[in-house]
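Report on the structure given below.
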Amino acid sequence: MAPKKRFADNVPGLLARPMNKDTRRVFVAATRMNDGKTTTCLGLTAALQTMGLHVGYIKPIAQRVVQSGEDQVDEDTLLIDGLFNLDIPISAMSPVAIGPDFTKQFLENPGEIGPQLQDRICRAFDRAAYGKDIVVVEGSGHAGVGSVFGASNADNAKVLNAKAIIVAAGGIGKPIDEIALNMALFDKAGVEVVGVILNKVMPDKLEFIRDFAGRGLKRLGVPLLGVIPLQETLAYPNLDQVAQETRARWIHQPAGLRRVRRVFIGAMSARRAAEYLKLPGTLVIVPGDREDLLDAFINGGGAKTLAGVLLSNGLLPNDEMIRRLTEAGIPLAAVEAESFTVTARINNMTVKTMREDADKIPIIEKMISESVDIAALLKAI
């Protein structure tokens, strides 16, 4: 039986030449997961391209891994690759995928794998930077993520000789406390943090946050580069994401993007349920034996307003009702779980921007270009 392949077996030797030192680069970190790193990277890439710059992109460490041909890469890298013509191999944009045994392998052979891990990242950066004016480097979570195998965000920024910006959730006290912790790790690694972006700020608090968070950050010695308003559309999942999260089985899946703006459980009368047909983007969770409600959705024009119907509790309507729902153009899927469990899964799901989210991309590009001082960022790096 052939021995199990280790990460170190995939890296042929150490770096044979100095890494690119000339191309400008910025490392985009965050205080926590889901604070908006990928959104920031997407918007920055678009804005820099609009300025006429040739932009590269790399996410050194992939933790949310998907398959792309023969390569295992980060799902955020697939998003960037699908949106922009960067002329970079996907394997160079996402050089290291963290599998379930990776940490164990590293701790068994840190002296062997550590240098080779850095080598792979540096080689990938060289390819991502080839012919580019600037490279956007996306981190994975907070500054310390990856410390267990010697490749934290702070470590990777140091290896890549990159200055960093930190993305944090909107606010004053808590975000600045978290920024201070992350800055300490970057400082220990010898990485300069050149700015902060505060994301998901309530629109009516923009100027207040800009003023007082700016004062707090000044005390830390780092400028506030931007305050990005909360965009509700970015928080709404599409119907495909909901189906994946709830492990739903499609019965009828019409073409086109459906955005889920609200969820309600069909536990009322048909007359009361008809009120929800007036609210676009509503997802209804209802057992398949509530044919009175399903009939109301058909007769009330639900195909125009409903995001879809999830049939819960493992119950399906009769074949005639399924035919009528399908002919009405109402998206229809079935789940085994009961309605409240399904609702909880949807309410707790993490909504990430995907390649199919065509309606979100222009919003992200616009809010980054309008809310972030990109000229100041370029001057700082």
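The values are calculated or read from the model by the stated rules, or taken from the named source; none is laboratory data. What you see is a predicted model; the values in this text were computed from it and never measured. Glycine gets a Cβ as well: all are built from the backbone with ideal geometry, and neighbour counts include every protein chain shown.
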With respect to ARG127, determine if the residue is in contact with a Leu (Cβ under 8 Å, 6 or more places away or on another chain), surrounded by 15 or more Cβ atoms within 10 Å (Cβ to Cβ) and either of a type in the set (Phe, Trp, Tyr) or closer than 30 Å to ILE381 by Cβ (or both). no
If I go through segment 212-256 residue by residue, how many of them are among the charged types (D, E, K, R) and either closer than 18 Å to ILE330 by Cα or surrounded by 13 or more Cβ atoms within 10 Å (Cβ to Cβ) (or both)? 3
Of the residues VAL65, VAL26, VAL55, VAL11, which single one is assigned by TED's automatic domain parsing to the domain that holds LYS158, at pLDDT below 80, surrounded by 14 or more Cβ atoms within 10 Å (Cβ to Cβ) and more than 14 Å from the chain's Cα centre (by Cα)? VAL11
Restricted to segment 330-375, and to residues that are of a type in the set (Gly, Ala, Ser) and surrounded by 15 or more Cβ atoms within 10 Å (Cβ to Cβ), which residue is nearest to ARG258 (Cα to Cα)? ALA333
Sort out which residues of segment 83-117 are among the polar types (S, T, N, Q) and within 21 Å of ARG64 (Cα to Cα), and write them in order of number. SER91, SER94, THR103, GLN105
Exactly one of ALA154, ALA128 is part of a helix (DSSP H, G or I), over 16 Å from ASN182 (Cα atoms) and either touching a helix residue (DSSP H, G or I) at 6+ places or on another chain (Cβ under 7 Å) or not assigned by TED's automatic domain parsing to the domain that holds LEU198 (or both), and that one is ALA128
Cβ-Cβ under 8 Å, sequence separation 6+ or interchain: first residue in segment 366-381 and touching a residue at least 12 places away in the same chain (Cβ under 8 Å) and within 21 Å of HIS54 (Cβ to Cβ), partner buried (at least 16 other Cβ atoms within 10 Å of the Cβ) and among the polar types (S, T, N, Q). Which pairs? ILE368/THR39; ILE368/THR40; VAL372/THR40
Among the listed residues LEU83, LEU160, which satisfies the condition of being surrounded by fewer than 21 Cβ atoms within 10 Å (Cβ to Cβ) and either of a type outside the set (Phe, Trp, Tyr) or outside the structural domain of ASN20 (by TED's automatic domain parsing) (or both)? LEU83
Those helices (runs of 4 or more DSSP H) lying entirely in segment 212-323 with at least 2 residues at positive phi, β-branched (Val, Ile, Thr) and modelled with pLDDT under 90: none
Is at least one residue of segment 335-347 in contact (Cβ under 8 Å) with a residue 24 or more places away in the chain, on the phi > 0 side of the Ramachandran plot and not in a helix (DSSP H, G or I)? no
Segments classed as helices (runs of 4 or more DSSP H), wholly inside segment 48-120, with at least 2 members that are touching a strand residue (DSSP E or B) at 6+ places or on another chain (Cβ under 7 Å): 75-83, 90-93
Yes/no for VAL222 being out of contact with any Leu (no Cβ under 6 Å at 6 or more places or on another chain) and either more than 30 Å from HIS54 (Cβ to Cβ) or assigned by TED's automatic domain parsing to the domain that holds ILE58 (or both): yes
